[in-house]
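Here is the structure we will look at.
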Amino acid sequence: MKLYTIGFTRKSAPQFFGLLQEAGVARVVDVRLNNVSQLAGWTKAQDFPFFLQKVAGIGYQHALDLAPTQEMLDDYKKRKGSWAAYETAFKNLMVQRRVEGTWSGALQDSDCLLCSEEKATHCHRRLVAEYLGGQLGGIEVTHLGL
């Protein structure tokens, strides 16, 4: 099974949709906690599923169970916490939520985890992909647009 990840920051809409189409993404799984803010631009919840379908024929699902808590985000971003602490807390959250059970039947070939971070290195979408790959097996992860 192929699983992709992508961040929309510093990508134009043509660049973003082109990456998804070139990879053959079938569905975007939005792992953002907040997908309605002004900073989300053309990826705001009320517009994004429409654009995905009309521009690229791609489905959409918002997955709050794969998002961090607001407290985790605040600790890391606003309070300048360490990546190592955030990573540990988020991995523990996935275990606590038992996301592998929820996603063992829901994850589809050519799904793409979406978040805002430009690169996957310091983004929870990478942690989700690695966790699901380790728990479910047989998943090849590719980070788009690096």
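Which value at 222 nm does the chain reach when only helices count, each DSSP H run of 4 or more adding -39,500 (n - 2.57), with the total divided by all residues and rounded to the nearest 500 deg cm²/dmol? Write down the numbers at each step before the final one.
On the way: 6 runs with 52 residues, N = 146.
It lands at -10000 deg cm²/dmol.
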Based only on other Cβ atoms within 10 Å, what is the fewest-to-most ordering of Cys112, Cys123?
Cys123, Cys112
Cα-based Rg then Dmax for region 76-130, in Å, read 12.5, 37
Per-residue HN-Hα couplings for region 72-89, Karplus 6.51 cos²θ - 1.76 cosθ + 1.60 at θ = phi - 60°, whole Hz, x for Gly and Pro?
4, 4, 5, 4, 6, 8, 7, 9, 6, x, 7, 4, 4, 5, 4, 4, 4, 5
Would you pull out the residues with amide H under 5 Å of Ile139's amide H, same chain only if 5 or more places away, H placed 1.01 Å from N?
none
Between Gln70 and Leu19, with labels modelled 7 Å along Cα→Cβ, what's the label distance in nm to one decimal, could you check?
2.9
Placing +1 on the Cβ of each Lys and Arg and -1 on the Cβ of each Asp and Glu in region 2-143, which of Ala106, Ser82, His124 has its Cα farthest towards the positive end of the resulting dipole?
Ser82
Taking the simple approach of a point 7 Å from Cα along Cα-to-Cβ for both Glu100 and Arg79, what is their distance in nm?
2.9
Where in region 117-131 is the amide nitrogen less than 19 Å from a point lying 7 Å along the Cα-to-Cβ axis of Arg10?
117-127
Among Ser110, Ser116, Ser37, what is the fewest-to-most ranking by other Cβ atoms within 10 Å?
Ser37, Ser110, Ser116
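Computed from the coordinates by the stated procedures, all read-outs in this text should not be read as laboratory data. No experiment lies behind these values; they were computed from the predicted model shown. Quick reminder, even Gly has a Cβ in these numbers, built from the backbone with ideal geometry, and neighbours come from all protein chains shown.
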